[in-house]
Amino acid sequence: MASNRYRILVKGIVQRGNRYLTVEKWYDDNIANPYQWEFIDGVAEFGESPDAAVVRIIQEQSGLTTVVGRILYTWTFMIGSECNLGLAYLCGTDMDENSVSLTEDSRAFKWIEADEFSEYIHNKRMLDDLERAELY
């Protein structure tokens, strides 16, 4: 009997006022532009709640302290026999916008307004999900 294997991914869409934190992250040396603008994301540790994971990952990758607001959308995909479940959270922060301290995986950050998402985020599926979540 095969066992079910799940991995929980979390995405933190950090909001401060009417602006959202985006980070320029390295993706792949084999594409023309190996850096792409994204929101902060990562993997929940075994036994960790997704809410706690997103707060931890945002803090680790940006230095910001956040509070979970709500889940905006979910997604799933398979890699081999592993099911990946993703949860995109809207999180808030009161910290100064210049308090961001990035890890080496990211080379820049910008605070943008929702109507600028499509200028920076090029993942059409993510943009569609954000629109369905009525974020812009």
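The values are calculated or read from the model by the stated rules, or taken from the named source; none is laboratory data. Owing to the predicted nature of the structure, the values given are computational and were not obtained by experimental measurement. Counting neighbours? That spans all protein chains shown, and the Cβs are built from the backbone with ideal geometry, glycine included. Surface areas here come from the heavy atoms of the whole protein model, side chains and all, with no ligands, DNA or RNA. Shrake-Rupley method; radii C 1.70, N 1.55, O 1.52, S 1.80 Å.
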Legend entry - Degrees, to the nearest 10: 50-62 long Cα axis against longest axis of the chain: 50
Inset, instruction - Please arrange Cys91, Cys83 by accessible surface area, largest first, computed with a 1.4 Å probe and ligands excluded. - result: Cys83, Cys91
Inset, instruction - Evaluate the distance, in nm, between pseudo-label points positioned 7 Å from the Cα of Arg19 and of Asp128 along their respective Cα→Cβ axes. - result: 3.1
Inset, instruction - Would you mind calculating the gained length between Tyr35 and Trp75 on full extension (0.36 nm times residue separation, minus the Cα-Cα distance), in nm to one decimal? - result: 12.1 nm
Inset, instruction - Quote to one decimal, in nm, the extra length available between Tyr6 and Glu82 on full extension: 0.36 nm per residue of separation minus the C-alpha distance between them. - result: 26.8 nm
Legend entry - Antiparallel bridge percentage (DSSP; both residues within the chain; nearest 5): 70
Inset, instruction - From the P(r) of the chain, can you give the percent of Cα pairs sitting at distances over 27 Å? - result: 18
Inset, instruction - Whole number in Å², please: accessible area per residue of the chain, 1.4 Å probe, ligands, DNA and RNA not counted. - result: 59
